[in-house]
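First the structure, in the form of structure tokens, and then the observations on it.
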Amino acid sequence: MNYEVTVISPGVHSLAIWDSSWNSYNNCYLLKRDHEVIMIDCGKMEHDEALLDALRGLGIGPLEVTQFIATHGHEDHVGASSLFENALKWIHTQDTHRLTEQQRPGFHEIASEDGELCGLSYTLLGHHTDGSIALFDPVTGCLFCGDHICFFGAETQTDGFLTFGSELRTNTRNFVRQWSNSPEDRSAYRFDRYISGLQSLSRHDAAFLATGHGPVLTRQIAEFLTSLVDSQHP
Ligand SMILES: [Zn+2]
């Protein structure tokens, strides 16, 4: 099974599992801390063997994961969470209803719009789903934004999975510009909420942008996020 493991920063890895039915990477992240092994998102249940294999390559068994945080409740982010039997699991209260009966045991609810969890600061974005959150790691400057921004279907770039991603940035700016030009799409897909989410993401001094799907961006992250806000048609 096809997956790509990349060091983002010391102790932080992306584990991107290729989903051949969606033609996209579904991303998970592993953060190794002194007393915690934190997973952010976990891919679909049907890809559990690939996830276990990727974790094994990093010397981690699923029972060693102490904390699991879901950026939101879609199956490609929480599907394999039952593998982490010993972990405290977290999801925003507004996405709890998305968990299946099998997934629900062990989950605790994040009830606030912002706060701190496992040394990461979280913010409710509430656009992709009502309970979508972003997580920022002040130690490494990694900003995990779930699917608020993601590079669905994008493959590894010529300079690697960790990339500046000029083309990905340009494509995303074009997407925002086109969306902003359609009054129907603005109201149908809650454009204003998307923009306020970008504004809150851009306030972090982020070194990396780690999304729910596809390559991880490095360098000039706040500039990129601000450029997306500025791409909208007035
Ligand atoms: Zn997703």
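The values are calculated or read from the model by the stated rules, or taken from the named source; none is laboratory data. What you see is a predicted model, and the numbers here were worked out from it, not measured in a lab. Here the Cβ positions follow ideal geometry from the backbone for every residue, glycine too, while neighbour counts run over all protein chains shown. For accessibility, only protein heavy atoms count, side chains too; no ligands or nucleic acids. Shrake-Rupley method; radii C 1.70, N 1.55, O 1.52, S 1.80 Å.
Filter the stretch 143-169 down to the residues that are surrounded by fewer than 18 Cβ atoms within 10 Å (Cβ to Cβ) and within 15 Å of the ligand (Cβ to nearest atom) and list them by number.
Result: PHE152, GLY153.
Residues being open to solvent by 10 Å² or more (accessible area, probe 1.4 Å), within 22 Å of LEU120 (Cβ to Cβ) and outside any loop (DSSP other than H, G, I, E, B): count how many of those fall in the stretch 48-62.
Number of matching residues: 1.
Is it fair to say THR172 is over 22 Å from LEU120 (Cα atoms), within 16 Å of the ligand (Cβ to nearest atom) and either open to solvent by 20 Å² or more (accessible area, probe 1.4 Å) or not basic (Lys, Arg) (or both)?
yes
Take ASP185 and decide whether it is assigned to a helix (DSSP H, G or I), open to solvent by 80 Å² or more (accessible area, probe 1.4 Å) and touching a helix residue (DSSP H, G or I) at 6+ places or on another chain (Cβ under 8 Å).
Here the answer is no, as ASP185 does not meet what is asked.
Out of (1) open to solvent by less than 10 Å² (accessible area, probe 1.4 Å); (2) part of a strand (DSSP E or B), the odd one out for GLY131 is which?
(2)
Give the stretch 50-93 a look and list any residue that's of a type in the set (Ser, Thr, Tyr) and over 24 Å from HIS148 (Cα atoms), or say none.
Within the stretch 50-93, THR66, SER82 qualify.
State which residue pairs qualify: first residue without any contact (Cβ under 8 Å) to a residue 40 or more places away in the chain and inside the stretch 141-164, second residue part of a loop (DSSP other than H, G, I, E, B) and crowded, with 21+ Cβ neighbours inside 10 Å in any location, beta carbons under 6 Å apart, and separation of 6 or more residues or different chains.
none
Pairs under 7 Å by beta carbon, first residue within 14 Å of LEU15 (Cβ to Cβ) in the stretch 58-75, partner open to solvent by less than 30 Å² (accessible area, probe 1.4 Å) and of a type in the set (Gly, Ala, Ser), six or more apart or different chains?
From residues that are within 14 Å of LEU15 (Cβ to Cβ), the pairs are VAL65/ALA87; PHE68/SER81; PHE68/ALA87.
Could you check ARG104 against (1) modelled with pLDDT of 95 or more; (2) outside any helix (DSSP H, G or I) and say which number it fails?
Unmet for ARG104, out of (1) modelled with pLDDT of 95 or more; (2) outside any helix (DSSP H, G or I): (1).
Condition check ((1) in a loop (DSSP other than H, G, I, E, B); (2) within 24 Å of GLY73 (Cβ to Cβ)) across all residues:
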position: PHE151; (1), (2): yes, yes
position: ALA154; (1), (2): yes, yes
position: ILE195; (1), (2): no, yes
position: LEU198; (1), (2): no, yes
position: PRO234; (1), (2): yes, no
